[in-house]
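The values are calculated or read from the model by the stated rules, or taken from the named source; none is laboratory data. Predicted model, so just to flag it, every value in this text is computed and none were measured. Here the Cβ positions follow ideal geometry from the backbone for every residue, glycine too, while neighbour counts run over all protein chains shown.
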Ligand SMILES: Nc1ncnc2c1ncn2[C@@H]1O[C@H](COP(=O)(O)OP(=O)(O)OP(=O)(O)O)[C@@H](O)[C@H]1O
Ligand SMILES: [Mg+2]
């Protein structure tokens, strides 16, 4: 009887069933789509992070950057003595490369690696030193004896052999061509290959860094960077004034993306060339199990004061680009829209159920009058609502899956950049303060050939150079999403049934005798 | 069968208090056929509610056999209605989405009679009111008289002790009215059940062995 009555009611009152089920279906479909996109965006973020931080990195430890204390702390300076460079035909060509930790990068003592490794439930830890190599090269026009240079025009006298020297200003500082070239360098322990940036790459050519490379001037290049800089395995690259042999190139595991750094060299080489002896900038930590991450994070924070200890979840917020937009869109708009539509669907179901019970006052009164218990009447009302919710849920799952399939067919591409924390604080130094005194000691007096250069805004450059990854959004539909969807539909039905049933329970059996309206 | 002692029923409507029944003393014997007449608003339906255990009096006691209807909890009242009392209403009160057969079966539902037994008894009840071939029809597919026959089958299928009818022919034409009354009186004769009929119609009331008139909540024998 229960099922017969229920079936005949739903079939006999199709409009109410259709409205309640449609509302529920739209809400459930939205929940499925939003949940699935959210899972897809999370996967995409994990991919981006993986390309930067490596596979299996649960936590990174960096030093909280402090404001530079020395006058030169925030900027880079190249100084050339007067004897610097090669002079041909009146033009001095200078070139100097320098390897620094760069402005805004805080380093800390390498002994902290042992401290981190000693923390409970840390299964692996590796330290890296993040650096930037800046090569300054340029041509300086050579100035003649100051004594001969009396003309108000102050022009450069063209060399007699006819070669074109750069035209310059009266003091000889102008007319120079400078080129500043920079790339990122990551010093890492070649023995620790299980964790860290190099665990997220595949070898494109040559070999990776090996334990025996400690102390050797060998480098592995990011394949994209190698191509753009016209470098290849077997060639050499000047890092911090030392010539490194290129032994291999690596590519990121993620399509269309660069790996974490342009160049990878052994940690000890990086430390000695940058003057950061015994220093590291990031420690990569793998926890014994994902359930330990919070504990490990807290313990490292305690063990290494003044450090920034970030989990994957914290790092996810550092992912930028359209991926970040999508993430916040899903988390914000998507979530609230789902809640709002779900609430609206529940409300519609409740209101229609209550009004349905009110319309059937005489019907329920009659059933009570002929001996139906309250429980039986309420059960009938609740049963109808739950089935209406279930119909909506099933419809919603179908619509939701269709929506997700459409998204996966369209394959929207999201771009995500993850700036490594060590480069994050981009601060430029003060503007170039001009010439350091370079006095000629040779007979041919050249005044002002000593030049000073102050770098500005390398932090910005570093940020821009950080890995950018294109990830195709793949929205997965998991069984748990479907279970949640059905549960929500049943919950909506139960809620409507509870209100409708409460209403039906309060009906007096005497309503059966009310004269026909 | 019924013993009513000092039964009063008042309805409080916002500011006004309506005395639907005032100090009614009444007894109805087993197998009696009683007609209740009176002006509109006199309290006929209210009295029927007291007899049917649909509502409780404001004061006084209503006894059905040994059961004190005025004191029983809702659950027990529902049980008594399910087993012992059959109702027929002026508006038929069939469930619009259920077929005639299913409507009759609703009366057996609270008795815990299941499946085959239930459909057989319902079909027999429909046959006894002359609707053996209309079991699969919806109420909307039946005439008024046929609908009331289905309602009578629903009231009788449980084989009750009492049949309470509130203007059972109020919505029917004269010819159908006589058919329905003959049906009810036949059940009363053949099964010996107590029949209480509320009616405006004196010709119907005259056929009862006992006639009561309710005016301003007070019951008088005629
Ligand atoms: N639920 C209620 N709430 C308030 N007043 C009520 C209620 N039911 C009945 N009454 C009042 O009680 C009085 C008796 O009503 P009742 O329905 O018993 O009259 P009736 O004799 O059946 O009239 P009719 O011939 O019109 O059916 C009327 O004045 C009516 O307005
Ligand atoms: Mg009445």
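Looking across the range B:24-41 at every residue that is over 15 Å from residue B:162 (Cβ atoms) and assigned to a strand (DSSP E or B), the one that is farthest from ligand 2 (Cβ to nearest atom) is identified as B:25.
Counting only strands (runs of 3 or more DSSP E) that sit completely within the range B:134-222, those holding 1 or more residues that are buried (at least 18 other Cβ atoms within 10 Å of the Cβ), within 16 Å of ligand 1 (Cβ to nearest atom) and within 14 Å of chain A (Cβ to nearest Cβ) correspond to B:162-166, B:194-198. Condition check: outside any strand (DSSP E or B) and more than 16 Å from ligand 1 (Cβ to nearest atom). Does residue B:91 satisfy that? No. The selection criterion, being over 17 Å from residue B:166 (Cα atoms) and more than 16 Å from ligand 2 (Cβ to nearest atom), holds for residue B:102. Listed here are the strands (runs of 3 or more DSSP E) enclosed by the range A:15-126 that have at least 1 residues being at pLDDT 70 or above and surrounded by fewer than 20 Cβ atoms within 10 Å (Cβ to Cβ): A:91-100. Candidates are the residues of the range A:354-363 that are in a helix (DSSP H, G or I) and under 60 Å from the mean Cα position of the chain (by Cα); the one that is farthest from the other protein chains (Cβ to nearest Cβ) is A:354. Kindly provide the set of residues from the range B:54-67 that are surrounded by fewer than 23 Cβ atoms within 10 Å (Cβ to Cβ) and within 12 Å of another protein chain (Cβ to nearest Cβ), ordered by number. Those that are surrounded by fewer than 23 Cβ atoms within 10 Å (Cβ to Cβ) and within 12 Å of another protein chain (Cβ to nearest Cβ): B:55, B:56. Checking the stated criteria, residue B:87 turns out not to satisfy the condition of being at positive phi, buried (at least 24 other Cβ atoms within 10 Å of the Cβ) and within 10 Å of chain A (Cβ to nearest Cβ). Please indicate, with yes or no, whether at least one residue in the range B:42-53 is within 16 Å of ligand 1 (Cβ to nearest atom) and surrounded by fewer than 18 Cβ atoms within 10 Å (Cβ to Cβ). Looking through the range B:42-53, none of the residues is within 16 Å of ligand 1 (Cβ to nearest atom) and surrounded by fewer than 18 Cβ atoms within 10 Å (Cβ to Cβ).
Selection of strands (runs of 3 or more DSSP E) fully inside the range A:228-312 by the criterion of at least 2 residues being farther than 24 Å from residue A:42 by Cβ returns A:236-239, A:242-252, A:263-266. Close Cβ contacts (under 6 Å, 6 or more residues apart or on different chains) running from residues in the range B:39-53 that are facing chain A (nearest Cβ under 8 Å) to residues that are near ligand 2 (Cβ under 9 Å from one of its atoms) and part of a helix (DSSP H, G or I) comprise B:45/A:513. If you go through the range B:151-198 and keep only what is within 16 Å of ligand 2 (Cβ to nearest atom), in contact with a strand residue (DSSP E or B) (Cβ under 7 Å, 6 or more places away or on another chain) and over 23 Å from residue B:3 (Cβ atoms), you end up with B:167, B:168.
Assessment of the range B:68-82 against the conditions (more than 16 Å from ligand 2 (Cβ to nearest atom), within 14 Å of another protein chain (Cβ to nearest Cβ), on the phi > 0 side of the Ramachandran plot and assigned to a loop (DSSP other than H, G, I, E, B)) yields no matching residue.
Criterion first (touching a helix residue (DSSP H, G or I) at 6+ places or on another chain (Cβ under 7 Å), touching a residue at least 12 places away in the same chain (Cβ under 8 Å) and crowded, with 21+ Cβ neighbours inside 10 Å) does residue B:111 satisfy it? Criteria not met by residue B:111.
Here the range B:22-41 is the region considered, the condition is being near ligand 1 (Cβ under 8 Å from one of its atoms) and in contact with a strand residue (DSSP E or B) (Cβ under 8 Å, 6 or more places away or on another chain), and the residue that is farthest from residue B:199 (Cα to Cα) is B:39.
The number of residues in the range A:479-517 being more than 18 Å from residue B:74 (Cα to Cα) and within 14 Å of chain B (Cβ to nearest Cβ) comes to 4.
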